[in-house]
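Notes follow the structure.
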Amino acid sequence: MPKTVIISGGTDGMGRATALERLARGDRVTVIGSDPAKGKALLAQAASPDLRFLQADLSSIAEVERAVKHLHDTHDSVDALALFANRVSPKRRESAEGLEFTFSLYYLSRYLLSHRLIPLLDAAPTPVIINVAGVGNTAGGIVWEDPQLTRRYGQIRAQLQAGRANDLLGVAFANSAGSKARYVLYHPGFTRSGTSHQNPLVRATLKLLARLFARPVPDAVRPIVGWIDQPPSAPLSAIDRGREVALSLKTLNPADAARLAAYTENLLQST
């Protein structure tokens, strides 16, 4: 039975590979991305009427909301939502709404898509949300006194904070969203999915390391493809490179998850 799949950040790397794999299985796939040229290239490669590209800058709350409205207007249900969108920012920059870019793209877009698409997900028989980040990694955390990193920004600090925020997003969603969708937090590990780092020396180094040590993209997306076909039975699953993560891990603390959810809702109401 064909599935309806939405993929954020689906024009590159693992998102692109997941889109093509699900199309090959007969699914209807909508890919959300910011680059129209990459979207056009993906449409040309797939050459399938079952693939749609939705252009949106997912670092912008308004753009995410526009994408959500489009999906509600064009879909009766969604079987799977796969969340990949992320981009490293060496220097602090802000979204259209004045929020820290990494927080907005890597975490807030995933929060909004997860929650705003609940009606479509719950209209499907066995819906699943797959959030591809870094669960199992305990480095970093929410900078509660300054989540927008206005004082001490660093690209690694921003990435780690947003990664831990996604961990807590999964916990809060499973505990309180009231959806039947299963939530999967997935850390694929170092993967040959390309890099968009702005520094050419760093980019070249990462490419070399990827050739030597990274997992091939097909290996990394195989579990995702499987979860779309058969979602886990538990409301929340956390998988770090093929191993289940104990939900008692400190980075999956329910109190912190509730605190971040409250902060996020207040932020959305005031933005």
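The values are calculated or read from the model by the stated rules, or taken from the named source; none is laboratory data. Just so you know, these numbers come straight off a predicted model, no measurement behind them. Here Cβ is always computed from backbone atoms with ideal geometry, including for glycine, and neighbour counts include all displayed protein chains.
General observations
- The single condition among (1) more than 28 Å from residue 38 (Cα to Cα); (2) surrounded by 15 or more Cβ atoms within 10 Å (Cβ to Cβ); (3) of a type in the set (Lys, Arg) that residue 152 does not satisfy is (2).
- Scanning region 230-271 for residues that are surrounded by fewer than 17 Cβ atoms within 10 Å (Cβ to Cβ) and acidic (Asp, Glu) returns 244, 265.
- Counting the residues of region 113-128 that are surrounded by 21 or more Cβ atoms within 10 Å (Cβ to Cβ) and either out of contact with any Lys or Arg (no Cβ under 6 Å at 6 or more places or on another chain) or closer than 18 Å to residue 158 by Cβ (or both) gives 6.
- Among the residues of region 229-271, those that are in a helix (DSSP H, G or I) and of a type outside the set (A, V, I, L, M, F, W, C) comprise 229, 250, 251, 254, 256, 259, 263, 264, 265, 266, 269, 270.
- Residue that is acidic (Asp, Glu) and over 17 Å from residue 258 (Cα atoms), where the choices are 146, 167: 146
- Test for residue 81: is it surrounded by 21 or more Cβ atoms within 10 Å (Cβ to Cβ) and touching a Leu at 6+ places or on another chain (Cβ under 7 Å): yes
- When residues of region 242-257 are limited to those that are of a type in the set (D, E, K, R) and touching a helix residue (DSSP H, G or I) at 6+ places or on another chain (Cβ under 9 Å), the one nearest to residue 215 (Cα to Cα): 250
- Of all residues in region 174-193, those being assigned to a loop (DSSP other than H, G, I, E, B) and not small (Gly, Ala, Ser) number 4.
- Of all the numbered requirements in (1) under 13 Å from the mean Cα position of the chain (by Cα); (2) crowded, with 24+ Cβ neighbours inside 10 Å, residue 171 misses one, and that requirement is (1).
- Elements of type helices (runs of 4 or more DSSP H) in region 1-103, at least 3 residues being touching a residue at least 40 places away in the same chain (Cβ under 8 Å) and not acidic (Asp, Glu): 13-24, 61-74
- Considering region 58-67, the residues that are buried (at least 18 other Cβ atoms within 10 Å of the Cβ) and more than 14 Å from the chain's Cα centre (by Cα) include one that is nearest to residue 3 (Cα to Cα), namely 67.
- Scanning region 22-51 for residues that are within 12 Å of residue 80 (Cβ to Cβ) and not aliphatic (A, V, I, L, M) turns up 22, 25, 27, 28, 30.
- Applying a threshold of 8 Å to beta carbon distances and a minimum spacing of six or more residues, or different chains, the list of pairs starting in region 213-241 at a residue that is within 25 Å of residue 1 (Cβ to Cβ) and modelled with pLDDT of 95 or more and ending at one that is assigned to a helix (DSSP H, G or I) and of a type in the set (Lys, Arg) reads 225/22; 228/22.
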